[in-house]
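Following: one structure in structure tokens, then a few remarks.
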Amino acid sequence: MSQPRVIITAPVPADLREQIAARCEIIDVPTGSNLLETLGKEQLANIDGIICTVRSKFDESVFDAFPRLRVVSNFAVGYDNVNMPAATARNVLVCNTPKVLDGAVADLTFGMLICLARNMVNGDAHVRSGAWAGKGAPALTHDIRGKTLGLLGMGRIGRVVAETAKAFNMKVIYHNRTRNTEAEAAGVAEYRDRDALFAESDFLSVHIPLNPETRHSVGAKEFAAMKPTAYLLNTARGPVVDEAALIEALKNGTIAGAGLDVMEQEPLPASSPLCELPSVVLQAHVGSGTVETRRAMIDLAVRNLLDALSNTRPQAIVNPEVWATRSESINA
Ligand code: 8YV
């Protein structure tokens, strides 16, 4: 039997690439390039699997071009780049990389939170410019201890952020579609309804996935409900926040500032009004961007791909119903 053919359009280290090459024929595609424009029709028709980043979009028309596709292994925990109903309807297994990045994303969330509360970006510029000698130290900033951190979303990442906040003696409140009674019982966070979450938080951190229901779900109404001294943090997905409304809220002083690792358009153009606002700390979608975490993510993504192609249940499946049908037909 011929080897499965797989597209690699994610950064795969040499040792893992060898593992794939031992069992599959590899077709390399530069990360983020349009698959349908890069590959010929015949090549597309013979692909069994793909390992990709969130920059590869899978809508109906893309799936239609891959009639043999059995697995999309996403090098990410988020899978908003994949039309899930379309994948499931075509029996394509979708895998992701949960858990291994929780700590790194929580750390970046806290890094931005402290940067904002202590005005560290401005502090750095103040020292570099020599203003310290002339004007003295910059204005006083604010404590984070004793303040309230509100988490919109209490999945795995939200939970690690909550635990981290406890080490800073913060009060943690959360809102989630389903209550996390385990986290509540462990004393990690108190539940609030959505309106109370926005009204009470000194820092409001977004940890929900992007889908049609959550797109722009944090907007003008939510900012108006927040304290004028409060900060927004987003390490989830840019389009969850209505960016135009956020820019307005920052300009008008409706809220005090924002820490953003994700934006509506990535890479963020330097011409964005966000780049002009001193109350904003910006990062380049690097929540999971540490050597250790990215290695753990790609280890898992490659394992997911190879398992799916050898009919072994992958560790992290987004649409287990596809696996159930597949294993039924294997065992029949
Ligand atoms: C990206 C992410 O995967 O995991 C996610 O959902 O958004 C990130 O960790 C990362 O940029 C690698 O592509």
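Readers should treat all values here as calculations from the given coordinates under stated rules, not as data from a laboratory. Just so we're clear, the structure is a prediction, and the values are computed from it rather than from any experiment. Glycine also receives a Cβ, built like all others from the backbone with ideal geometry; neighbour counts cover every protein chain displayed.
Inside the range 9-85, counting only strands (runs of 3 or more DSSP E) that do not spill past its ends, which hold 3 or more residues that are in contact with a strand residue (DSSP E or B) (Cβ under 6 Å, 6 or more places away or on another chain) and more than 16 Å from the ligand (Cβ to nearest atom)?
By residue number, 25-28.
Within the range 1-55, the set of residues being more than 19 Å from Arg303 (Cβ to Cβ) and in contact with a helix residue (DSSP H, G or I) (Cβ under 7 Å, 6 or more places away or on another chain) comprises Ile27, Val29, Leu35, Leu36, Leu44.
Would you confirm, using the coordinates I've provided, whether Ala296 is farther than 20 Å from Asn91 by Cβ, loosely packed, with under 15 Cβ neighbours inside 10 Å and either among the small types (Gly, Ala, Ser) or touching a helix residue (DSSP H, G or I) at 6+ places or on another chain (Cβ under 9 Å) (or both)? Give the steps one after another, and end with the answer.
Values: farther than 20 Å from Asn91 by Cβ: yes; loosely packed, with under 15 Cβ neighbours inside 10 Å: no; either among the small types (Gly, Ala, Ser) or touching a helix residue (DSSP H, G or I) at 6+ places or on another chain (Cβ under 9 Å) (or both): yes.
Criteria not met by Ala296.
Residues in the range 275-290 that are more than 13 Å from the ligand (Cβ to nearest atom) and surrounded by fewer than 19 Cβ atoms within 10 Å (Cβ to Cβ): Cys275, Glu276, Leu277, Pro278, Ser279, Leu282.
Any residue in the range 314-327 that is of a type in the set (Lys, Arg), part of a helix (DSSP H, G or I) and in contact (Cβ under 8 Å) with a residue 40 or more places away in the chain?
Quick first cut of the range 314-327, residues of a type in the set (Lys, Arg) only: 326.
Still in the list and also part of a helix (DSSP H, G or I): 326.
Among the residues that remain, those that are also in contact (Cβ under 8 Å) with a residue 40 or more places away in the chain are: 326.
Within the range 314-327, one or more residues are of a type in the set (Lys, Arg), part of a helix (DSSP H, G or I) and in contact (Cβ under 8 Å) with a residue 40 or more places away in the chain.
Could you tell me whether Leu306 is assigned to a helix (DSSP H, G or I), over 22 Å from the mean Cα position of the chain (by Cα) and surrounded by 14 or more Cβ atoms within 10 Å (Cβ to Cβ)? If you could, list the steps in order and put the result at the bottom.
On the way: assigned to a helix (DSSP H, G or I): yes; over 22 Å from the mean Cα position of the chain (by Cα): yes; surrounded by 14 or more Cβ atoms within 10 Å (Cβ to Cβ): yes.
So Leu306 passes the test.
For the criterion of being without any contact (Cβ under 8 Å) to a residue 60 or more places away in the chain, assigned to a loop (DSSP other than H, G, I, E, B) and farther than 20 Å from Leu305 by Cα, Ala137 passes. Checking the range 90-110 against the condition returns no match, with no residue being surrounded by 15 or more Cβ atoms within 10 Å (Cβ to Cβ), free of Cβ contacts under 8 Å to residues at least 40 places away in the same chain and not in a loop (DSSP other than H, G, I, E, B).
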